[in-house]
Amino acid sequence: MSGILDDIRVLDFGRYIAGPFCATMLGDMGAEVIRIERVDGSEDRFLGSVAEGGEGGTFMQLARNKKGMTLNPMKPESREIVRRLVKTADVVVANLPGSTLKAMGLDYETLAAIKPDIILAHVSAFGNTGPYAERVGFDLLGQAMSGMMYLSGTEGSPVRSQVPYVDFTTALFTAFGTLAALMDRQKTGKGQIVEGSLLSSALALNNNYLVEESVLGLDRKPHGNRGYHHAPNDVFQTKDGALVTMVVGNPLFKRWADLLGEERWLSDPRYATDLERGNHGEEISARMAQWCAERTTDQAIAEMEAARIPAGPVYSPRQALDDPHVKARELFKYVDYPGLPSPAPLADTPVRLSATPGGIRHRAPTLGEHTDEILGELGFSGEEIATLREARVV
């Protein structure tokens, strides 16, 4: 089955997560994506090494469905390669400061002079304008500067998420914007810049608490895993592990109170609304903790499921891989790669289309695997390619 974007070519100059995963999402939907990295391999190729060659799990995930070529865009000899590549492309993805893009000849003005309808998906830490525009940064800065890290953990001890969710969210926002730009180009014939930034994504994710602070000035303090706006909403230890639950709305709270034999709480004004329950969440969590401590995780979840109360186990990574629902839904595709001791479980395209589904078609490329093929398609002779290699342009 052909992909919905199978006539789109994407040049992926991205690094780490936000830029590359934007291109990955386009590739999953059928676009031809060419990953362009340093001659010796970019840093993100080797993060969390799992293969004999040093390639890491993040690379396995983010470079799937891509062709791979090496290029040093800072060398003068590379400009003709970039020019020919851009003339064949629809989208250029890059996550670098604006001044670096310009130095590499990847700024929008330069790209549009080569191909007027090109779309530049530009991801940066702080955006293209403002006092921080030229600063570099990673996911962690977004977590910290949005207020999300402050609200996690306990007072005086902010806690980061080990999962770089700001990076991935920025990638998804930018992929969404790129699709919108492609639709606009179908109508107008014009390209444009799609701008994503880590800070803007993080602020969007934390917007609820920022609105609350601006309007009400509550100056909320962190209190671990317990939620603010309803209860119970927390992590609870069981006899053999831990589970989470979140009770929202009066009908669900009634089912919870009935299950725990706390019907008297239904007429208590301290628990009359979600917000009041959130404000008194400490005592509600204490009661729920007592109930959970008397049961195994499976027993507690079974009773809560029977009462139609949402609950789930706190899994280790191994348990997440082994979950029967995950296996039944085939949420991972096991993909081999040179030097891997066993196939890597890659999370399949997380959104499913009924008529034109995306998916993982092939593994990530080895370093420069398709360089000669791509340069040949662009019209470079074997002798020219050999000269470029000798000069370490590719």
Ser157 meets each of (1) of a type in the set (S, T, N, Q); (2) more than 23 Å from Pro317 (Cα to Cα); (3) crowded, with 18+ Cβ neighbours inside 10 Å with one exception, condition (3)
Name the helices (runs of 4 or more DSSP H) wholly inside region 78-141 in which the number of residues that are over 16 Å from Asp12 (Cβ atoms) and among the acidic types (Asp, Glu) is 1 or more.
78-87, 108-114
Subset of region 179-216 that is among the β-branched types (Val, Ile, Thr) and under 19 Å from Ala31 (Cβ atoms) - its residue that is surrounded by the fewest Cβ atoms within 10 Å (Cβ to Cβ)
Ile193
Could you tell me how many of the residues in region 378-394 are in contact (Cβ under 8 Å) with a residue 40 or more places away in the chain and among the acidic types (Asp, Glu)?
0
So for region 358-374 (the condition being closer than 17 Å to Gly57 by Cβ, among the β-branched types (Val, Ile, Thr), assigned by TED's automatic domain parsing to the domain that holds Gly27 and touching a Gly at 6+ places or on another chain (Cβ under 8 Å)), does at least one residue qualify?
yes
Quick check: anything in region 190-210 of a type in the set (S, T, N, Q), assigned to a helix (DSSP H, G or I), in contact (Cβ under 8 Å) with a residue 60 or more places away in the chain and in the same structural domain as Leu151 (by TED's automatic domain parsing)?
yes
So, in region 41-53, of the ones that are part of a loop (DSSP other than H, G, I, E, B) and touching a residue at least 12 places away in the same chain (Cβ under 8 Å), which residue ends up farthest from Thr371 (Cα to Cα)?
Val50
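The values are calculated or read from the model by the stated rules, or taken from the named source; none is laboratory data. From a predicted model like this one, the values you see are computed outputs, not experimental measurements. Because the Cβ atoms are built from the backbone with ideal geometry, glycine has one as well, and the counts that use them run over all protein chains shown.
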